[in-house]
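*Asks:* Before I ask anything, here is the structure I am working with.
The values are calculated or read from the model by the stated rules, or taken from the named source; none is laboratory data. What you see is a predicted model; the values in this text were computed from it and never measured. Methodologically, a virtual Cβ is constructed for each residue, glycine included, from the backbone with ideal geometry; neighbour enumeration extends over all protein chains shown. Accessible surface is based on the protein model in full, side chains and every heavy atom, while ligands, DNA and RNA are left aside. Shrake-Rupley method; radii C 1.70, N 1.55, O 1.52, S 1.80 Å.
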Amino acid sequence: MLKKLKNNNLFRITKFLKKNWPLYSIGLIGLSFINFICNFFSAVGIKAMTDALLSKDMNALMKGIIFMATGFGILVIIIPFLSYAFDSSIKKTTGEIRRILFFHIEKLPVKYIENNHSGDLISRLTNDVQTAENAYGNQLLMVMMPIVSGMGSIIVIFYIDWRMAILGVIIGASTIISNTIFIKPLKKVSDKIQDLLSSLNQNLTDTLGGIQVIKSFNLLGLMEKKFKMNNEDIRKWSINRVIKNSFLNGINSFLGNMSFIGIYVIGIVFIINNTLTFGKLIAIIQMLNGVMWMFNSLGVFLTQLQSSLAGIDRIFEILDIKEEETTVTLNNLENVERDAQDGIIEFENIKFAYEETNVLNSVNIEVGKNEVIAIVGSSGGGKSTLFKLLLKFYNIKEGCIKVFGKDINTFSLEELRSLIAYVPQDNYLFSGTIADNISYGKENATLEQVIESAKSANAHEFIMTLSSGYGTEVGERGAHLSGGQRQRIAIARAILKNAPILLLDEATSSLDSESEDAVQKALDIIMKGRSTMVVAHRLSTIQHADKILVLDNGIIPEVGDHETLLNINGIYSRLYNLQFEGKQA
């Protein structure tokens, strides 16, 4: 039972309160008593004033008024402090959940990120976290207040007349039973709405990210149709939830009114039989508000909680995914580099498959110190996969990868990746300035270091022609810059990192001739003094590589320099001639 409770997501979400527990508890408990105290002051005060009215005693009337005024005056002072303690703790906790979820998403395996839509993860980080807040926030308070008020009221009523207390409990219990009928249907509807909100977020992300494609292919109508259908589904399911809640509210209203009338009638019967006074009946009715509120709220809480649970479940779906595997082994990286005797990078009998698709089959590659190794082949042949395995974005199935003579599994992820500078084909620039983007290559980099790296990357000249120079905003994903400019900034970032291993993944394939020339000059600079692996589409850019490997259907059938491979008259020669003939045409 205890184990089952610990694994319950509602219980797990409360663990995020941590250091906020003291203020949260004070606020929650304090506010939970407010309604009961108000009811108690009202009941005692009204009873006193009713008795004063019947006995025509002005002194008793004034005592009743003073009693109520004093009680409510104290509450006016206390409530703001309790509200601040409770609400501030909730917001801090929500911020902590959002922080932990964000950090966890950052550390998820690349495989998971690639296989799931970014819009879904964004939805979990925004919509679901906000929805989950209700569970430990207002919804919990809205059940605690009625429980305290109801239990306290029952004790007071028992003190006044035990018969009326038992009657109130029996009538109230019927309310919570009727509410539980709606729990499962509302949970199902709430789950569906959260999933649809995630889909809507995905559609919006796709639309904004692909707006140029959408406009150029005249896809506005199609995207509007998809959004309209998604939005309409959300509307339908939301109306479905409204209908269920409306029926529930109607049932609760009916039971509440009938309960009041029934108790009032029975109270009058007791008065006629001289077993209850009118003043006590008024006090009982006032206190019964708390009892009825307790039973109503328990039912409503259980049904409304289903919406919050849907958000909580989606949060823990992500948090329960294992982060990237790493080791706790720490290496002295300077000694690792200095003591390396064999190849700087070694792939030994590597086998790898994506799900059921075999990509690499017994691949062997060795990159020596300051050596440039180029990898060519048809699209989908596994060239970029080699980089992903070296960076441990994916784990190899069979074989071993070594860096500086050590198995990469003996490095922590941070250590391994600190040894490698990676320049992908489609370089990602972050929103911010050019200086910001280059400085990501090295923590606490100075502006002088940024500028020096930009000069080495053949980027300084064009940067200085911009209105704000290094302070120029690049826009979302570098939208304010050309492809060649983005690539040179990315190369400057890699130069600033100053890692001994360089990975270049088709860094010039999508550029025009002028941009390619500028980028290639930058690449020639960055490759000096580094062990480099280059995945190339344009074979003209790797003719001077120390060694060229042809990767075809998961194996390496051809190895050699440019001239050697041309003379073999095999796959490389065919690819080269196709490109050369294309240029001639």
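*Asks:* If we keep just the residues of segment 68-104 that are under 34 Å from the mean Cα position of the chain (by Cα) and among the polar types (S, T, N, Q), which is nearest to S32 (Cα to Cα)?
*Replies:* Checked segment 68-104; the qualifying residue nearest to S32 (Cα to Cα) is S83.
*Asks:* Answer yes or no: is there a residue in segment 113-120 that is open to solvent by 70 Å² or more (accessible area, probe 1.4 Å), of a type in the set (S, T, N, Q) and modelled with pLDDT under 80.
*Replies:* Checking segment 113-120: at least one residue is open to solvent by 70 Å² or more (accessible area, probe 1.4 Å), of a type in the set (S, T, N, Q) and modelled with pLDDT under 80.
*Asks:* Also, I was wondering about something else. Report the residue count in segment 412-456 for those that are assigned to a helix (DSSP H, G or I), within 25 Å of the chain's Cα centre (by Cα) and within 15 Å of I495 (Cβ to Cβ).
*Replies:* The total comes to 1.
*Asks:* Test Y24 against the stated conditions and say whether it is modelled with pLDDT of 80 or more, open to solvent by 70 Å² or more (accessible area, probe 1.4 Å) and aromatic (F, W, Y).
*Replies:* no
*Asks:* Between a residue in segment 220-231 that is touching a residue at least 12 places away in the same chain (Cβ under 8 Å) and any residue that is of a type outside the set (D, E) and in a helix (DSSP H, G or I), which pairs come within a Cβ distance under 6 Å, given they are 6 or more apart or on different chains?
*Replies:* So the pair list comes out as M223/T207; M223/I214; K226/N203; F227/N203; N230/S199; N230/L200; N230/N203.
*Asks:* Residues that are among the aromatic types (F, W, Y): which helices (runs of 4 or more DSSP H) entirely in segment 1-101 hold 1 or more of them? Spell out the reasoning first.
*Replies:* Details: elements: 2-6, 9-13, 21-55.
Where helices (runs of 4 or more DSSP H) fall fully within segment 1-101 and carry at least 1 residues being among the aromatic types (F, W, Y), they are 9-13, 21-55.
*Asks:* If you don't mind, there's one more thing I want to ask. Need pairs with beta-carbon distance below 8 Å; first residue assigned to a loop (DSSP other than H, G, I, E, B) and within segment 103-125, second open to solvent by 50 Å² or more (accessible area, probe 1.4 Å) and not polar (S, T, N, Q); sequence gap 6+ or separate chains.
*Replies:* Hits for this filter: K107/E323; L108/E323; P109/K322; P109/E323; P109/F393.
*Asks:* With (1) open to solvent by 20 Å² or more (accessible area, probe 1.4 Å); (2) modelled with pLDDT of 85 or more; (3) more than 30 Å from E443 (Cα to Cα); (4) not charged (D, E, K, R) as the list, and P500 as the residue in question, which single condition is left unmet?
*Replies:* All conditions pass for P500, except number (3).
*Asks:* Another question about this same structure. Looking at segment 379-396, I want the residues that are on the phi > 0 side of the Ramachandran plot and have a partner that is open to solvent by 50 Å² or more (accessible area, probe 1.4 Å) with Cβ atoms under 8 Å, at least 6 apart or on another chain. Which pairs are those?
*Replies:* K392/R417
*Asks:* Of all residues in segment 556-585, which are of a type outside the set (G, A, S) and open to solvent by 80 Å² or more (accessible area, probe 1.4 Å)?
*Replies:* Scanning segment 556-585 gives E563, N567, I568, N569, R574, L578, F580, E581, K583, Q584.
*Asks:* Which residue is modelled with the highest pLDDT, if the candidates are limited to segment 332-359 and must be of a type in the set (F, W, Y) and surrounded by 15 or more Cβ atoms within 10 Å (Cβ to Cβ)? Walk me through it before giving the result.
*Replies:* Of the residues in segment 332-359, the ones of a type in the set (F, W, Y) are 347, 352, 354.
Narrowing the set further to residues that are surrounded by 15 or more Cβ atoms within 10 Å (Cβ to Cβ) leaves 347, 352.
Details: F347: 90, F352: 87.
Ranking the qualifying residues of segment 332-359, first place goes to F347.
*Asks:* Checking the structure you have, find out if any residue of segment 41-48 is under 27 Å from L288 (Cβ atoms), modelled with pLDDT under 75, surrounded by 17 or more Cβ atoms within 10 Å (Cβ to Cβ) and polar (S, T, N, Q).
*Replies:* Yes, some residue in segment 41-48 is under 27 Å from L288 (Cβ atoms), modelled with pLDDT under 75, surrounded by 17 or more Cβ atoms within 10 Å (Cβ to Cβ) and polar (S, T, N, Q).
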